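Any read-out appearing in this document is the output of simple, stated calculations on the displayed coordinates, not a laboratory observation. Computed from a prediction, not measured in an experiment: that's the story for all the values here. Quick reminder, even Gly has a Cβ in these numbers, built from the backbone with ideal geometry, and neighbours come from all protein chains shown.
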């Protein structure tokens with residue numbers, strides 16, 4: 001029996017950084033808009049997004065962050081042909 005040593009690379013996904021979130025949320029919006037998210041998954045997604053929206057609104061109000069969606073009218077949903 002021969003023992004050998006070799007390197008094995010394992011790619012571990014990194015947690016998203018603050019710069020990643022706009023792109024990831026845009027991708028989620030696109031997947032929702034074109035039907036790539038199952039209806040059965042929408043309730044869980046809704047539950048997951050509620051604390052995100054609450055935290056965003058609180059943070060924007062607490063810090064006076066400019067140009068947040070809470071301070072301007074909502075954009076209409078994107079309708080695809």
For an R0 of 22 angstrom, estimate the FRET efficiency from the Cβ-Cβ distance between residue 21 and residue 44 and round to the nearest 0.05.
0.70
Sort 47-56, 14-23 for me by packing, meaning the mean count of neighbouring Cβ atoms within 10 Å per residue, highest on top.
47-56, 14-23
